[in-house]
Each structure stands twice: as structure tokens, then as C-alpha cells.
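S.K.: Mind looking over this structure? Questions follow.
The values are calculated or read from the model by the stated rules, or taken from the named source; none is laboratory data. As the structure is a prediction and not an experimental result, all values here were calculated from the model. Note that each Cβ is placed from the backbone with ideal geometry, even for glycine, and that neighbours are counted across all protein chains shown.
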Amino acid sequence: MALLSNNSREELDKHRFPLLVMFLVPLLAIFAQAYLPLRFPRFAVLDLPLIVTVYFAVARRNPISGTLLGTAIGLTQDALTHLPLGINGIIKAVVGYLSASIGMRIDVDNPGTRLIMLFVFTLLDSILHLFIVRRLLGLQQDWYWLHELIRAVVNALVGIILFTLLDRLRQRE
Amino acid sequence: MESFYSRYRNVLILVVILLAQVIGLAVQVRRPAAITGSDGRQVRLIRYWVVSLISPFERAFLFTGHGIRGAWNGYIDLRHVRQNNKDLQAEVDRLRLEQSSLAEDALQGQRLQKLLGFKQQYIYQTVAAQVIGTGGTDQSRVLYIDKGSSDGIHADMPVVTPDGVVGKIRDVFPHTAQIVEINDQTSGLGVILQKTRLRGILRGNATGQPEIVNILPDERIQPGEPVITSGGDQVYPRGLPVGIVERVISDPDRPPYMAILVHPAARLARLEEVLVITRIGSTLPSSEETDIITSEQKAADILAERLPGVAPTEPKLGPDGKPLPAANPNLPPPPVQPPLPLHPDRFTPGATPPATDLTPGASYPTQIFPAQTAPQPTTKPIAPAATAGQDASHVAAPVHHAKTLSPAASSAGTIPPATKSPAKQPAKPTAQPTTQEPQP
């Protein structure tokens, strides 16, 4: 994981994406997340909206943009569940903010960095979800470490592949 | 102030957004309607927009997939269809026999329940629906179907498959509805263990497996015991299959209570079509009554085909060779005459001389009693024909009777003395003549 100096931070590429890509890719991720578990039940362990949030936040390197994008994706994801709106909105907003902040300091094009980042953010997603559901909403929710670790590993591995595919869609400034 | 904002702009925006969403969560949870599961108008509107955005894609994918699969299954992959059809027909016959034998018990049960004032609920009407999507997360196990309020779907309607219970309707949109599955952590379903009759509440755990919680330790609960709906939750009709007990574990959060892990009867992970129960009632629906009557008639036909001794009665012919007119139904039926025995003995009616002709101490003619030294198997006379008014359901009762007979005995009309004696069952009619009677 290579840390960048202040000077080199200015030299970092800020990737831009066509507006259509910024709109369609998250929508496609949410659609796939809702549809594919019907055919492949194990697919539910993945969190494609989370991976997309991390990718765009990291690529744009703008915390505000990452926060807003994360909020929008999270709220859309919430709307498909039966839980109150805002659970995933809060989680994805935090993840988007942190991803963009990290992207300003670390070279996130390295596959190793991406792997660790996705693993950590998936675990953070689960912990935040547990906190919100149990503490803020007062609902009952179980927690299994093994399940969450498997989920984090799977998301990290699939995220690496997706990041490589999404890299082809970006435009350099 | 301006420098403070420009310095902490990113963090401030994050805090504002988080705060707004936390307040939104608090408002949603605080609403009394949240307890019952329904959303507020604004939240419902947001959900409606998102569902309207996503569901067309889901429908398109589903339609395409079904088209390809239908073309393959309906036109190309048709191997073993004839054999399957034959097997299914045989199974239908077997099930009809079973149904007719159980129908009387069921009707009797209903009469007793009526006497006790017990309100049984029967499924009157269902709407078949395709599953088009899911909630997309492990924490929210919901499904979306392609039927909505325009198809008569309302909130809290139970959703089932022929295998078992799936869940209940939560949100309803014009052409889509959301189902909360029974393995969701927020679900609650009143269940009863079929053998031990223990009641409990079933909900999902974190891994998506249904479990019955808050059960005190009981050694009688064994894996494999069926779990059915209790009807106490006022949502699901009583008696629907929910699953079977997989194992019993101690509940770490609530000692000394136990949790019973249940394997769901419905394949919750791979649902394609479901039935939404849109109407239930307290009496047996007419369609089921008709089906029972049809089954009874079919069962009689099946029995007539299977039993070898049964042959259709030929109409009685008069001296002129024309069939005799049918007897007047208003007159009482003529006395039943037993058929002539093949091997008459001293018990055969008419074979014994009147008592006035008998001499004390005299022996009987030897030609009538050839088997005095060695016991002969008793001959069972063919039972008298059932009366015309006999209920068709009585046909089913002797099914076991017919099964217990050996093929040779049933075909010859003789019964081994050790298994059946006329003294033990003197007047029990067999099913054979009944099948010859015309059904009203």
C-alpha cells in the first residue's frame, strides 16, 4: 500500500465518468442485486451496490461526491427492502466518504490495496448495519462472525474483478 | 466562519446528511403504523418510485427467461413425457382413492368442530403470481411478485406454495407486491408442532433459517416432526405445512429457552410461482365439495376396475327377451335372497329337515354331511347388494377390507377361517356389489 506525499497527491488522476455510466452502473448493480438471488440464492452474500459505491468514490476522489452517491445508492437499496429508509443510506454515505478520503491519500489502483479496502469496507458495512438496527432502531438482529468474514472475502474478490471491468469505462482528465 | 466551513466542508456535509437520515429513521420508527408494518405516505411513495424503476427490468428478464425455458421444455426436451403422464395418472388414481377414504373422516371432523363452535378456515380463492425479484440483502428477506392491488392483492394476505407457507404480503403497489418471507428476522408466524402440539412463534435467524423461539426444553420434540400453522396469528389459515423440525438448540440469548430450527417446507431460496390467498371462509368451499364427490365417484370406478370379482350387472330379461322394467322406487326393496352355495353343508338354509321330522338319536343323511370328520373351510356367501340409497362414500370404507384379502380368497369368495369367520363379521357387506349400483 503506497502512501502518497502532498505533492504527488495533486498529481493523482481524478477520473471522470460519463453521466450515463454514473447513472446506469449503480442502477444495474441494484437491479442485479435484486434479481440474481432468485436464480442463484448464494448471490445474496454479495453487495454489488457497496462495491460500486466504493469504486466511484475512490475513482472520483471527492468526499462530497462519494457521500452523495453513497446516500443515493443506499436509499435506493433501502426502498427495495421492508426496513426503514435510511439504514443503507447512512452506511453507504459513510463508506462513500471514507473511500473518497482514502482515495486521496493512497494509490488505490493497486489490486492488493483494492482487496484490503473492499474487505474492510464490507466488514464496516456489516458492523454499521448491526449498530443501526440494534441501537438506533431497537430491532433484533443476530450476528455471526464467520458469515460476515465470508461475506467480506467474497465481496473483496468479486470487487477486484468488477473494478477491473469498471476501469475501462472511465475517462482520464 | 468561512474558513471553518471551507476547512471542514466535507465533514460538515457528511454530518448533515447522516443527521437527516437519522431523523428520517426516527420518524419512520416512531410512527404507530410502523408497528403494524405499513409505511408512511412519503416513504411509500419513495418505495413506489424505486419499485417502478426496477420492476420493469425484472419483468423483462423474467419474461425472456421463461420464454427460452418454455420453448425448451415444451418443444424440445419432451423425453419421458408419456411415462411421466402414465405415472401421474396412476398417482391421481391412488390419491383419489385416498381422498375418498378420508373424506368421511373429514366431514365428521367438520361436524364435530361445528358442534364445538370451532371456527375452521378454508382457502376459498387464490391468485397465482410470479416472483420477479428480491430485496437484495441478507438482512431483508423479501420477494416481489408481478401481481398487485389491481389483481385484488392486499396487505397481510398469506402467500403459499403447494409445498408450504412462504410469507405474507407487506407492501402493495398497483402491479407489484412485496412479500416478507417466513425466514426474515422481523417475521412472526404462529405455529404448532403436529405431534407434540406445542405452540410457538416462528421467525428467521441471521442465516435465513426459520426457527421457533421461546420454547421451554421438552424431550418430546424430535427432528423430523412436522410444523404447521396454528391459525392464532389471524393471518395464516390453520393447518398449512410450514416445515419440519431440523434440530433443537439452546437459545444463547434467552436461557433456559430453546430454539427449534425448522427446515421450511417451501423452497424459499428458489421460488418461481406462489399463490396468494385472497379469500378464506369458515365452510368448505363448493369447489372442494364437488371435488370430493367427484373423487368418490372416481374411486368407485377405480375399485370396479381393479377388483376381479366385480362385473357389471346385466339387466334382467323377461320371458319375451326384453329387459324387465325397473322396480318402483317408492316400494320397499324385496327381501335379499342369498345366492346358492357351491358346496352345501348342514348349515345351508333349507338343507336341514324341519324339527318335526327329526327323530331323537337318529343320524343325519351322510350325503349332506360328507365333511364331518375333517373340517372344511367355511364358505362366505357373497354379501347382499347394497341398497340404492347407500352413500357412495361407503365404497371407500372396505378398501382395506379388500386389501387384507388374499387374491385367491377374494376372487373365490372364500376366506380362511383363521382370518375371517362369519360369526365375527356376520353382516358386513363388501364393496363389490355397491359398485354395480348406478350412482344417483
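S.K.: Name the residues in segment B:141-161 that are closer than 24 Å to residue A:39 by Cβ, more than 14 Å from chain A (Cβ to nearest Cβ) and either free of Cβ contacts under 8 Å to residues at least 40 places away in the same chain or touching a helix residue (DSSP H, G or I) at 6+ places or on another chain (Cβ under 9 Å) (or both), would you?
M.R.: B:148
S.K.: Restricting to segment B:202-214, what's the tally of residues that are touching a Leu at 6+ places or on another chain (Cβ under 7 Å) and either under 13 Å from residue B:236 (Cβ atoms) or buried (at least 21 other Cβ atoms within 10 Å of the Cβ) (or both)?
M.R.: Qualifying residue count, segment B:202-214: 4.
S.K.: Something else now. May I ask you to say which residue of A:122, A:81, A:113 is hydroxyl-bearing (Ser, Thr, Tyr), in contact (Cβ under 8 Å) with a residue 40 or more places away in the chain and buried (at least 21 other Cβ atoms within 10 Å of the Cβ)?
M.R.: It is A:122.
The rows are residues; the columns are (1) assigned to a loop (DSSP other than H, G, I, E, B); (2) farther than 23 Å from residue B:281 by Cα; (3) touching a Leu at 6+ places or on another chain (Cβ under 7 Å).
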| site | (1), (2), (3) |
| --- | --- |
| B:126 | no, no, yes |
| B:131 | no, yes, yes |
| B:154 | yes, no, no |
| B:179 | no, no, yes |
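S.K.: Identify, please: which residue in segment B:215-236 is more than 24 Å from the chain's Cα centre (by Cα) and either buried (at least 18 other Cβ atoms within 10 Å of the Cβ) or among the charged types (D, E, K, R) (or both) and is, among those, farthest from residue B:253 (Cα to Cα)? Break it down into steps so the answer makes sense when it comes.
M.R.: Kept after step one, since they are more than 24 Å from the chain's Cα centre (by Cα), are these residues of segment B:215-236: B:215-220.
If we keep only those that are either buried (at least 18 other Cβ atoms within 10 Å of the Cβ) or among the charged types (D, E, K, R) (or both) as well, we get B:215, B:218-220.
Details: B:215: 13, B:218: 18, B:219: 21, B:220: 23 Å.
Per the criteria, the residue is B:220.
S.K.: Looking only at segment B:177-200, how many residues end up being surrounded by 18 or more Cβ atoms within 10 Å (Cβ to Cβ) and free of Cβ contacts under 8 Å to residues at least 12 places away in the same chain?
M.R.: Total satisfying the criteria: 0.
S.K.: Also, I was wondering about something else. Step by step: first the residues of segment A:56-90, then only those that are part of a helix (DSSP H, G or I) and among the β-branched types (Val, Ile, Thr), then the one that is farthest from the other protein chains (Cβ to nearest Cβ). Which residue is that?
M.R.: A:58
S.K.: Report whether or not residue A:138 is within 30 Å of residue B:182 (Cβ to Cβ), within 9 Å of chain B (Cβ to nearest Cβ) and buried (at least 22 other Cβ atoms within 10 Å of the Cβ).
M.R.: For residue A:138, the condition - within 30 Å of residue B:182 (Cβ to Cβ), within 9 Å of chain B (Cβ to nearest Cβ) and buried (at least 22 other Cβ atoms within 10 Å of the Cβ) - is not met.
S.K.: Return the pairs, sorted by first residue and then second, in which the second residue is exposed (fewer than 15 other Cβ atoms within 10 Å of the Cβ) and modelled with pLDDT of 85 or more, the first residue lies in segment B:247-270 and is over 23 Å from residue B:180 (Cβ atoms), the beta carbons are less than 7 Å apart, and the residues are 6+ apart or on different chains.
M.R.: Every condition considered, the pairs that remain are B:247/B:223; B:258/B:249.
S.K.: Still on this model: Is there a residue in segment A:40-47 that is among the acidic types (Asp, Glu), more than 7 Å from chain B (Cβ to nearest Cβ) and touching a residue at least 40 places away in the same chain (Cβ under 8 Å)?
M.R.: Kept after step one, since they are among the acidic types (Asp, Glu), are these residues of segment A:40-47: A:47.
Now drop any that are not more than 7 Å from chain B (Cβ to nearest Cβ), which leaves A:47.
So of that shortlist, the ones also touching a residue at least 40 places away in the same chain (Cβ under 8 Å) come out as A:47.
Within segment A:40-47 (the criterion being among the acidic types (Asp, Glu), more than 7 Å from chain B (Cβ to nearest Cβ) and touching a residue at least 40 places away in the same chain (Cβ under 8 Å)), the answer is yes, since at least one residue qualifies.
S.K.: Quick one: would you say residue A:36 is crowded, with 24+ Cβ neighbours inside 10 Å, under 19 Å from residue B:59 (Cα atoms) and facing another protein chain (nearest Cβ under 9 Å)?
M.R.: When the stated conditions are applied, residue A:36 does not pass them.
S.K.: What is the residue count in segment B:201-225 for residues that are modelled with pLDDT under 90 and part of a strand (DSSP E or B)?
M.R.: Looking only at that region, the number is 5.
S.K.: Can you tell me which residue among A:74, A:96 is under 12 Å from the mean Cα position of the chain (by Cα), over 21 Å from residue B:180 (Cβ atoms) and either surrounded by 22 or more Cβ atoms within 10 Å (Cβ to Cβ) or not charged (D, E, K, R) (or both)?
M.R.: Values: A:74 fails: over 21 Å from residue B:180 (Cβ atoms).
Among A:74, A:96, only A:96 is under 12 Å from the mean Cα position of the chain (by Cα), over 21 Å from residue B:180 (Cβ atoms) and either surrounded by 22 or more Cβ atoms within 10 Å (Cβ to Cβ) or not charged (D, E, K, R) (or both).
S.K.: Hey, can you tell me all the residues within segment A:91-113 that are more than 9 Å from every other protein chain (Cβ to nearest Cβ), over 18 Å from residue A:137 (Cα atoms) and among the hydrophobic types (A, V, I, L, M, F, W, C)?
M.R.: The answer is A:95, A:98, A:102, A:104, A:106, A:108.
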